[in-house]
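For reference, the structure is listed below as structure tokens.
The values are calculated or read from the model by the stated rules, or taken from the named source; none is laboratory data. Treat the numbers as computed from the prediction; the structure is a model and nothing was measured. Please note: Cβ atoms are built from the backbone with ideal geometry, for glycine as well, and neighbour counts cover all protein chains shown. Calculation scope for accessible area: heavy atoms of the full protein, side chains included, ligands and nucleic acids excluded. Shrake-Rupley method; radii C 1.70, N 1.55, O 1.52, S 1.80 Å.
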Amino acid sequence: MGFVPDIHDLKRPAGVTEEVLNQLLHIDPAGFLKELDTVEPFFKSFKDKFPEELWRAYYDVRGRLEKELQ
């Protein structure tokens, strides 16, 4: 998950409606959080060898998703 463009900034192929494009770009915060829960143990398995920058990115994404659900 990262930058998601505004659909009006995208050139849509012929036959792709705005509704379809919205569905393609939709991010399910609750579902994404569940996915993050499954990768956290894997990340932790690296112990102190897991890069701190990746932990920061992980918690940044988690925080943004949790904020979406409030």
Exercise. Tell me which residues, restricted to the range 36-56, are under 19 Å from the mean Cα position of the chain (by Cα) and surrounded by 11 or more Cβ atoms within 10 Å (Cβ to Cβ).
Key: L36, E40, F43, L54, W55
Quiz item: Which one of these does L21 not meet: (1) loosely packed, with under 12 Cβ neighbours inside 10 Å; (2) modelled with pLDDT under 95?
Solution: (1)
Quiz item: What tally of residues in the range 30-65 results from selecting those that are of a type in the set (F, W, Y) and not in a helix (DSSP H, G or I)?
Solution: 2
Quiz item: Which condition number in (1) part of a helix (DSSP H, G or I); (2) surrounded by 10 or more Cβ atoms within 10 Å (Cβ to Cβ) is the one that I27 fails?
Solution: (1)
Quiz item: Would you say L10 is surrounded by 10 or more Cβ atoms within 10 Å (Cβ to Cβ), among the aliphatic types (A, V, I, L, M) and touching a helix residue (DSSP H, G or I) at 6+ places or on another chain (Cβ under 6 Å)?
Solution: no
Self-check item: Of the criteria (1) assigned to a helix (DSSP H, G or I); (2) open to solvent by less than 80 Å² (accessible area, probe 1.4 Å); (3) out of contact with any Lys or Arg (no Cβ under 8 Å at 6 or more places or on another chain), which one V16 fails
Solution: (1)
Quiz item: If you scan the range 57-70, which residues turn out to be exposed (fewer than 10 other Cβ atoms within 10 Å of the Cβ) and either over 14 Å from the mean Cα position of the chain (by Cα) or in contact (Cβ under 8 Å) with a residue 60 or more places away in the chain (or both)?
Solution: Q70
